[in-house]
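One structure is given here, and the rest of the page talks about it.
The values are calculated or read from the model by the stated rules, or taken from the named source; none is laboratory data. Everything quoted here is computed from the prediction, not taken from an experiment. Cβ placement follows ideal geometry from the backbone for every residue including glycine, while neighbour counts extend to all protein chains displayed. Accessible surface areas use protein heavy atoms only, side chains included; no ligands, DNA or RNA. Shrake-Rupley method; radii C 1.70, N 1.55, O 1.52, S 1.80 Å.
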Amino acid sequence: MEEIDHKFVVVNGLKLHIAEIGSGFSPVVVFLHGFPEIWYSWRYQMIAVAKAGYRAIAPDFRGYGLSDQPTQPEETTFLDLVSDLLALLDALSISKVFLVGKDFGSAILSRFVLLHGERVSGIITMGVPFVPPQPANYSETLPEGFYVSRWREPGRAEADFGRLDAKTVVRNVYILFSRSEIPIANEDQEIMDIVQPSTPLPPWFSEEDLAAYGALYEKSGFRTALQVPYRRSMHEQANIKDPRIHVPVLFIAGEKDYFLKFPGVQDYISGGLKSLVPNLQMVNLPEGTHFVQEQLPDEVNQLVLDFLTKNSPS
């Protein structure tokens, strides 16, 4: 990834690491990662959009990767990350952007466009669709071993992860999240125990990729990552009066993504989502898993570029 530049920008008193490629005068695309991802998860898309004439920026959220840890990681909220994104755009003198979000990055993106819609030209979400702040009740209808329920328990994930090095934790989560079934542990096991040491990585995820992720999480740890997205409420008050958005939206879903099996998700995508996002385009990738942007970069890059071309000022 030698073509991609790296720098730090001070926002809200913290140094955020950003990866960047493309001309400073080009339309800007900001990529927001999920968990257990980092700026690196957007490597293919960043290079593709830069070659097409855009400026690509991918930050590490506060407490992730090379970005500073907040003073009190346990107090970190979704709205803190929204505030960081706004401050980052202001610090870089960027008035308007396309936003691309994956996993909980889509939740940050959703809040941002609802609060600061005038700064957004269009949005692309992957894995998780646009969703306004609302209570998430998945745990109520899934078994006790549901990974989100386990990771919400203070200390439990810390003990589970703490048996392993950061690289192995990322390896195990990538394997789990690449499957089409929701990760659920038995009563007598922890989430990390679901994956056997002999289980191979997904074929599209190399040892070199794993080493890159492992080094970044070795630096940051998982303290902030367990707060956002897992332990902080998705229903934070944000003074949002109207949950509808009117910018162009592309939702890319892998049909083998385990998230689609969360209770109520399919109903929301086929019903409520379209009422909240009138200018919606949806694309399903039949072989796609939770990590479509890394698993199927050529297909995803083309979808992203087509959307940007269609919705960029002529």
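The table below lists the values:
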quantity: Residue in segment 61-77 that is among the β-branched types (V, I, T) and within 17 Å of V30 (Cα to Cα) present; calculated: no
quantity: Among residues of segment 134-160, those that are out of contact with any Gly (no Cβ under 9 Å at 6 or more places or on another chain) and part of a helix (DSSP H, G or I), counted; calculated: 13
quantity: So V300, is it in contact with a helix residue (DSSP H, G or I) (Cβ under 8 Å, 6 or more places away or on another chain), open to solvent by less than 40 Å² (accessible area, probe 1.4 Å) and assigned to a strand (DSSP E or B); calculated: no
quantity: Residues (without any contact (Cβ under 8 Å) to a residue 24 or more places away in the chain and out of contact with any strand residue (DSSP E or B) (no Cβ under 7 Å at 6 or more places or on another chain)) located in segment 1-24; calculated: E2, G13
quantity: Residue match in segment 235-244 (condition: in contact with a helix residue (DSSP H, G or I) (Cβ under 6 Å, 6 or more places away or on another chain) and either among the basic types (K, R) or modelled with pLDDT of 95 or more (or both)); calculated: yes
quantity: Residue among L305, L250 that alone is under 25 Å from V28 (Cα atoms), touching a helix residue (DSSP H, G or I) at 6+ places or on another chain (Cβ under 7 Å) and assigned to a helix (DSSP H, G or I); calculated: L305
quantity: Looking only at segment 52-70, and only at residues there that are of a type in the set (G, A, S) and in contact with a Leu (Cβ under 7 Å, 6 or more places away or on another chain), the one that is farthest from G13 (Cα to Cα); calculated: A52
quantity: Selection within segment 244-267 - among the acidic types (D, E) and either under 20 Å from the mean Cα position of the chain (by Cα) or open to solvent by less than 40 Å² (accessible area, probe 1.4 Å) (or both); calculated: E255, D257
quantity: Search result, residues across segment 116-172 that are acidic (D, E) and open to solvent by 10 Å² or more (accessible area, probe 1.4 Å); calculated: E118, E140, E144, E153, E158, D165
quantity: Verdict on S270 being open to solvent by 20 Å² or more (accessible area, probe 1.4 Å), assigned to a helix (DSSP H, G or I), modelled with pLDDT under 95 and small (G, A, S); calculated: yes
quantity: Check on P197, open to solvent by less than 40 Å² (accessible area, probe 1.4 Å) and either closer than 20 Å to K261 by Cα or more than 23 Å from the chain's Cα centre (by Cα) (or both); calculated: no
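For every residue, the table says whether it meets (1) open to solvent by less than 10 Å² (accessible area, probe 1.4 Å); (2) at pLDDT 95 or above; (3) more than 17 Å from L88 (Cβ to Cβ).
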{"site": "I18", "(1), (2), (3)": "yes, yes, no"}
{"site": "G24", "(1), (2), (3)": "no, no, no"}
{"site": "P27", "(1), (2), (3)": "no, no, no"}
{"site": "G34", "(1), (2), (3)": "yes, yes, yes"}
{"site": "Y40", "(1), (2), (3)": "no, yes, yes"}
{"site": "R55", "(1), (2), (3)": "no, yes, no"}
